[in-house]
Every structure is written in structure tokens, then in C-alpha cells.
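Structure record follows, encoded as C-alpha cells.
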Amino acid sequence: MMIEVMKSKIHRVRVTQAELNYVGSITIDEDLMEAADIIANEKVQIVNNNNGARLETYVIPGKRGSGIICLNGAAARLVQVGDIVIIISYATLDREEARNFKPSVVFPDDHNKLLP
């Protein structure tokens, strides 16, 4: 049996931009992507702590070290700059592999930078 488990999480980052006139996606600082083991074009779930909105989209790498968290396209309607979001990716694993799997979880600071 295969089950879906959390693979990666970037916990409580601040939205820095929302660009409605864009094809779609979320732009994430490459430092955060790397730390959370999230790759370009990977499907992610976005959970907005400010309004409860949940959405799925794909990742576009943002400038390394910039702290950028930008919701693009229609997703921009579900956030405001300054909102706190959680970004989660999932993996499908067999049950035994899932029991021992350890997700990558990142807790950035208030400026979306990695803590030392």
C-alpha cells in the first residue's frame, strides 16, 4: 500500500509579493528551497495562517538570499503581502518506507532567512 506523507515544510514565512498578472505558481528563495529539499516545478500546498486559505501550485526558484515568497497568478488573490504562510510538499511512499521517513522542515526567521 502507498500512502502520502509530508516530505518538506517551510514553516511560517512571510509573503513578500503577490503578482496577479502572472501565469501562476509560487516563487521561493532558493536558499529556503534547498534547505527544505524542494525543487523547481515541485507541487506544493500553501496554507495561509492569516485567512485560512489553502491552495496548491508549483514552485519557481527565486533569487538566492532574497527572502522572496511571491504568490503568482490567481493564487495572489488568496494572500496579502505580509501574510504568514506554510509551504508543504508531499511524497508517496510505501507504508514501511513511510514509517522511517524523516521530512525536511525549515523554520526561517521573521525576514524569511535561514536561522544559523
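The values are calculated or read from the model by the stated rules, or taken from the named source; none is laboratory data. Since the structure is predicted, the reported quantities are computational estimates derived from the model, not experimental observations. Glycine gets a Cβ as well: all are built from the backbone with ideal geometry, and neighbour counts include every protein chain shown.
I want to confirm something. Restricting to segment 78-116 and keeping residues that are of a type in the set (S, T, N, Q) and farther than 21 Å from Asn48 by Cβ, which single residue is surrounded by the most Cβ atoms within 10 Å (Cβ to Cβ)?
Filtering segment 78-116 for residues of a type in the set (S, T, N, Q) gives 80, 89, 92, 100, 104, 112.
Still in the list and also farther than 21 Å from Asn48 by Cβ: 92, 100, 104.
Values: Thr92: 11, Asn100: 7, Ser104: 15.
The selected residue is Ser104.
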With the condition kept exactly as written, say whether any residue in segment 30-40 is out of contact with any Ser or Thr (no Cβ under 7 Å at 6 or more places or on another chain), under 14 Å from Ser8 (Cβ atoms) and in a loop (DSSP other than H, G, I, E, B). yes
How about segment 1-29: which of its residues are outside any strand (DSSP E or B) and under 16 Å from Lys63 (Cα atoms)? Val15, Thr16
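Would you pick out the residues in segment 63-83 that are out of contact with any Asp or Glu (no Cβ under 8 Å at 6 or more places or on another chain) and not small (Gly, Ala, Ser)?
If we filter segment 63-83 for residues that are out of contact with any Asp or Glu (no Cβ under 8 Å at 6 or more places or on another chain), which is where we start, we get 74-75, 77-83.
Residues satisfying the conditions are Arg77, Leu78, Val79, Gln80, Val81, Asp83.
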Could you grab the pairs with beta carbons closer than 8 Å, sequence gap of 6+ or different chains, first residue in segment 82-96 and of a type outside the set (A, V, I, L, M), second one at pLDDT below 95? Asp94/Met1; Arg95/Met1
Could you look through segment 48-89, keep only residues that are of a type in the set (Ser, Thr, Tyr) and within 11 Å of the chain's Cα centre (by Cα), and pick out the one that is nearest to His11 (Cα to Cα)? Ser89
